[in-house]
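Written out below as structure tokens is the structure these notes cover.
Read-outs throughout are calculated quantities, based only on the coordinates presented, and are distinct from any laboratory measurement. Since the model is a prediction, treat every value here as computed from it, not as a measurement. Neighbour counts run over all protein chains shown; Cβ positions are idealised from the backbone, glycine included.
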Amino acid sequence: APPRREPEPPAGTPYAREELVATMTDDELAEHRATLPGAELLGYMPLRGDFDVEHENDAELLVADMDLGPDDDPADRELKRQVLRSYNAKLDERERRKRFVIERGLLDYKRRRQRERDMSPQQR
């Protein structure tokens, strides 16, 4: 199988803004933050591109206390690998849901509300 390539971060993610934000003053940063989609939503951090509470928010509890040691017997090792695969699947789903929201512009609450107001009652 070909090596797995990491997808490029979508435009508007923290990776795309990192360089810009690093050069801003505090006032410029506050002004910039207020213009970002999702800035007015409670629980969303637009500069990080992250939510306070994520999908499967306590998924990390699965692996938090897990020890992978050289003395583990093969059955133990395989069980731990399965737990790690489960954890990685949860992280993948978390990222998929976050991208779904970002790519569809669902964080831009003000713009969505304005479009709804502009619609006739039949269009809503």
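Would you mind checking which residues have amide H under 5 Å from residue 51's amide H? H placed 1.01 Å from N; only 5 or more apart, or other chain.
Correct list: 45.
Within the range 84-115, name every residue whose backbone N is under 20 Å away from a label modeled 7 Å from Cα of residue 60 along the Cβ vector.
84-99, by backbone N distance to the label point.
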